[in-house]
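Notes follow once the structure below has been shown.
The values are calculated or read from the model by the stated rules, or taken from the named source; none is laboratory data. These numbers were taken from a predicted model, which means no experiment stands behind them. Counting neighbours? That spans all protein chains shown, and the Cβs are built from the backbone with ideal geometry, glycine included. We work out accessible area using only protein heavy atoms, side chains counted, and drop any ligands, DNA or RNA first. Shrake-Rupley method; radii C 1.70, N 1.55, O 1.52, S 1.80 Å.
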Amino acid sequence: MKSRKNFVLVIFGASGSLAKHKIFPAIYKMIKREYEAKQYMVLGFARTHKTDEEFREEFRESLDLSETDNIQGVLKNIFYCSGDYSNKQDYKKLKKIIDGYEKNHFGANTKSVRCFYLAIPPVVFEQVVENIGLSGLKEDRAHIENRLIIEKPFGRDLVTAKALETVLMNYFKESEVYRIDHYLGKETVQNLLIFRFVNKFIEPLFNSRYISNVQITSAESVGVENRAGYFDHAGIVRDMIQPHVLQMLSLIAMERPTSFSAKAIKDEKVKVLNLIRPVSMNNDTINIVRAQYTSGVIRGHKVRSYREEEGIGVNSQTETYAALKFYIDNDRWFGIPFFVRAGKRMSKKSTVINIQFKDLPALQTFSKCTPIPSNILTIKIQPEESIFIKMFTKKSGTDFDIKPSQLTFFQSCDDCLDAYSRLINDALIGDNTLFIRYDEIDIAWQIVDPILLSFEKEKLPRLDYYASGSDGPARADIMLREAGYSWIDY
Ligand code: BG6
């Protein structure tokens, strides 16, 4: 068990929306739960000028506090420093603040952690990493452990991801780098491994003999929000499929790791991602659908189209929805389609993996109410968390009638740390199991790069449209119908 140490956590990009919406609340929860007995400093860094007091107020406002929360103890350890990401002197200023704090609060030679969290626009990732390295902010004294948490997007294609990785490795060791994919911090995503590999009756069924298809849906009802500048240059394939969806797919499809060690799990994830067949762009069958939302109604509210959103061009071709059909070329999954889709402004927020079992035709003679629907294993990641199997049991009575039943294996844990709190805590204690190794990112870009190139250069497949509040474009339904399937509820 790795132990908790005193820490300094520097948040680059402390004025941004990620910091306010996700990182501050996560830090607060984590400190309350794990670090109240420790010494720590949270130091925001960004371009905007503000005082410590103003920053503390922003931090406090980002929290969903109950009346009994006593936040003063935490706030006194929160500080702010304004500066320019490109100005080396500003890093020296940061270093001085941190050195002074460590000296006064941590005690000489007590083991502690310096953690740099990059919640900044990706265009400045490299510059900030270099400046952290060159300014001596990354400390080389033996009792201080350095960590770098880096947010996605890790590059915008394979070439830029490799370039970023080279810069990281110039200044940090692999064991110091924590590439975040917050989906791995979600409780049910972690449960995938345990559920699959520890239950003896599940794993033997996970193959092409019993499974007919796998569906991964990551739907959101929100639109582009205030992130037009980033999203319009990214699109949903870069934003959701390359990182989160391929991570979920690798966990569902990977072979049993030799242990639950970080290395063994990552090795197997990379192996299975390497076996994904390149998505064919031929026009005979639909393998990819890309689409953009138009105006519509979500939970009774009218919402505007993507092109009417602030900061989005009237002719934008960026996809806000994508659905893809993947195949994995190994014995276990040969011929079994993995349908994945991600979209903004869909009818609801839901992330779910549905694994549909093959029908057994002989069974159909059993029941009056033919056809008997398929068994489906559902792994619901959010908003509720649960794992259940749609099964069938006998209706009570004299006939052999069936009724749908549900076998539920797992339900959400109210007391668990949320994804971000869990991941920041793991980084501070030095556990990188739930972070991404560079080769996972590399192979994920190899999978999506040809698709993005086709979108951007060939304009193929054509851009479809779907009404906000719907379940996506009609062509995504056709893609499944052509292959003999249909989307399962998400
Ligand atoms: C982020 C994407 O990685 O994940 C966002 O950049 C998306 O566009 C978000 O909204 C979804 O995360 P969650 O945890 O709310 O499903």
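At 0.36 nm per residue, and after removing the present C-alpha to C-alpha distance, how many nm does the segment from His21 to Tyr485 gain when stretched out fully? Present the calculation step by step, with values, prior to reporting the outcome.
Values: separation 464, 0.36 × 464 = 167.04 nm, distance 3.83 nm.
Extra length from His21 to Tyr485 when fully extended: 163.2 nm.
Apply the Karplus curve 6.51 cos²θ - 1.76 cosθ + 1.60, θ = phi - 60°, to the phi angles in segment 453-464 and return the couplings in whole Hz, x for Gly and Pro.
Result, ordered by residue: 4, 5, 4, 7, 8, 8, 6, 10, x, 4, 7, 9 Hz.
To the nearest Å, what is the center-to-center distance of segment 416-444 and segment 28-45, using C-alpha atoms only?
First find each Cα centre; the distance between them is then 18 Å.
Quick check: Cα centre of segment 194-214 to Cα centre of segment 226-242, how many Å?
Taking the Cα centre of each part, segment 194-214 and segment 226-242 sit 33 Å apart.
How much FRET efficiency would the formula 1/(1 + (r/R0)^6) give for His49 and Lys395, where r is the Cβ-Cβ distance and R0 is 56 Å, rounded to 0.05? Could you put the intermediate results ahead of the total?
Values: r = 70 Å, r/R0 = 1.25.
It comes to 0.20.
If each residue of separation counts as 0.36 nm, what is the full-extension length gain between Asp267 and Arg332 once their alpha-carbon separation is subtracted?
Working: separation 65, 0.36 × 65 = 23.40 nm, distance 1.73 nm.
Here the answer is 21.7 nm.
Roughly how far apart, in whole Å, are the Cα centres of segment 76-127 and segment 130-148?
Measuring centre to centre over Cα atoms gives 10 Å.
Give a quick list of trypsin sites (Lys or Arg not before Pro) in segment 215-312 that DSSP marks as loop, anything other than H, G, I, E or B, with at most 11 other Cβ atoms within 10 Å.
On the way: sites: Arg227, Arg238, Lys263, Lys266, Lys269, Lys271, Arg290, Arg299, Lys302, Arg304, Arg307; in loops: Arg227, Arg299, Arg304.
Here the trypsin sites (Lys or Arg not before Pro) that fit, given the DSSP loop and packing criteria, are Arg299.
Please give the per residue accessible area of segment 397-490, computed with a probe of 1.4 Å over protein heavy atoms only, in Å². Could the numbers behind the result be given before it?
Values: 4600 Å² over 94 residues.
Ligands and nucleic acids excluded, the figure is 49 Å² per residue.
Just to be sure I understand the model, the point goes 7 Å from the Cα along the line to the Cβ. What's the resulting Glu36 to Lys403 distance in nm?
Rounded to a tenth, the inter-label distance reads 4.8 nm.
Go ahead and run the numbers for FRET between Lys173 and Leu360, Cβ-Cβ distance against an R0 of 45 Å, rounding to 0.05. Walk me through the numbers on the way to the answer.
On the way: r = 53 Å, r/R0 = 1.17.
In this case the efficiency is close to 0.30.
Once you have the Cα-Cα distance between Glu384 and Asn226, take 0.36 nm times their residue separation minus that, and quote the gain in nm to one decimal.
Gain on extension, Glu384 to Asn226, equals 54.3 nm.
Testing the spin-label approximation: label points 7 Å from Cα along Cα→Cβ at Asn104 and Ala163. State their distance in nm.
4.2 nm
Using the Cα centre of the chain as origin and beta-carbon charges of +1 (Lys, Arg) and -1 (Asp, Glu), tell me which of Phe197, Gly44, Gln215 is placed farthest towards the positive end of the dipole.
In the chain, that residue is Phe197.
Separation between the Asp64 and Thr433 pseudo-spin-labels, each 7 Å from Cα along Cα→Cβ, expressed in nm?
2.7 nm
Could you give each residue of segment 190-204 its phi-based ³J(HN,Hα) in whole Hz, using Karplus coefficients 6.51, -1.76, 1.60 with θ = phi - 60°, and x for Gly or Pro?
Along segment 190-204, the couplings run 5, 5, 3, 5, 5, 4, 5, 9, 9, 7, 5, 8, 8, 4, x Hz.
Quick one: give the max-minus-min coordinate of the C-alpha atoms of segment 1-135 along each principal axis, largest first, in Å.
Largest to smallest, the principal-axis extents are 42, 36, 30 Å.
Take Lys92, project a point 7 Å from its Cα along the Cβ direction, then tell me which residues of segment 111-146 have their backbone nitrogen under 16 Å from it.
131-138
Straight-line reach from Lys302: which lysines have Cα under 18 Å away, leaving out those fewer than 8 places along the same chain?
Lys302 reaches Lys344, Lys348, Lys349.
About the Cα centre of the chain, how large is the charge dipole given +1 on each Lys and Arg Cβ and -1 on each Asp and Glu Cβ? Please answer in debye to the nearest 20. All intermediate terms of the calculation are to be shown ahead of the outcome.
Numbers: 68 positive and 63 negative charges, 99 e Å.
That gives a dipole near 480 debye.
Please give the calculated 222 nm ellipticity per residue for the chain, where each DSSP H segment of at least 4 residues contributes -39500 (n - 2.57) and the sum is spread over every residue; nearest 500 deg cm²/dmol?
Details: 13 runs with 141 residues, N = 490.
Result for the chain: -8500 deg cm²/dmol, rounded to the nearest 500.
Dipole of the chain (Lys/Arg Cβ +1, Asp/Glu Cβ -1, origin at the Cα centre): which of Pro337, Phe357, Leu246 lies farthest to the positive side?
Phe357
Any idea of Phe116's accessible area? Nearest 10 Å², probe 1.4 Å.
Answer for Phe116: close to 0 Å² accessible.
Determine the percent antiparallel among the DSSP beta bridges restricted to the chain, to the nearest 5. Could you put the intermediate results ahead of the total?
On the way: 43 of 84 bridges.
Taking every DSSP beta bridge within the chain, about 50 percent pair in antiparallel fashion.
Over the chain, with every protein chain in place, what whole percent of the accessible area is carbon and sulfur at 1.4 Å, could you tell me? Please list the in-between numbers first.
Details: 11490 of 21960 Å².
Of all accessible area on the chain, carbon and sulfur atoms account for 52 percent.
First obtain the Kirkwood hydrodynamic radius of the chain from its Cα pairs, then insert it into the Stokes-Einstein equation at 20 °C and 1.002 mPa s, and state the resulting D in µm² per second as a whole number.
Working: Rh = 24.4 Å.
Translational diffusion coefficient: 88 µm²/s.
Given an 8 Å cut-off on Cα distances and at least 6 residues of separation, report the relative contact order of the chain as a percent. Can you show the working numbers first?
Details: 864 pairs, mean separation 87.0, N = 490.
For the chain, the relative contact order is 18 percent.
Report the trypsin sites (Lys or Arg not before Pro) located in segment 31-101 that are in a DSSP loop and have at most 11 other Cβ atoms inside 10 Å of their Cβ, or state none.
Numbers: sites: Lys32, Arg33, Lys38, Arg47, Lys50, Arg56, Arg60, Lys76, Lys88, Lys92, Lys93, Lys95, Lys96; in loops: Lys38, Arg47, Lys50, Lys76.
Of the trypsin sites (Lys or Arg not before Pro), the ones in loops of segment 31-101 whose Cβ has at most 11 other Cβ atoms within 10 Å are Lys76.
Considering only Cα-Cα distances, which of the following residue pairs are longer than 30 Å: Lys358/Lys403; Lys2/Lys325; Lys138/Lys380; Lys32/Lys95?
Going by Cα-Cα distance, Lys2/Lys325; Lys138/Lys380 fall outside the 30 Å limit.
Once you've got the Cα coordinates, tell me which of Lys162/Lys271; Lys22/Lys459; Lys162/Lys266; Lys20/Lys271; Lys173/Lys200 are over 27 Å apart.
Values: Lys162/Lys271 19 Å; Lys22/Lys459 35 Å; Lys162/Lys266 18 Å; Lys20/Lys271 37 Å; Lys173/Lys200 38 Å.
Table pairs above 27 Å Cα-Cα are Lys22/Lys459; Lys20/Lys271; Lys173/Lys200.
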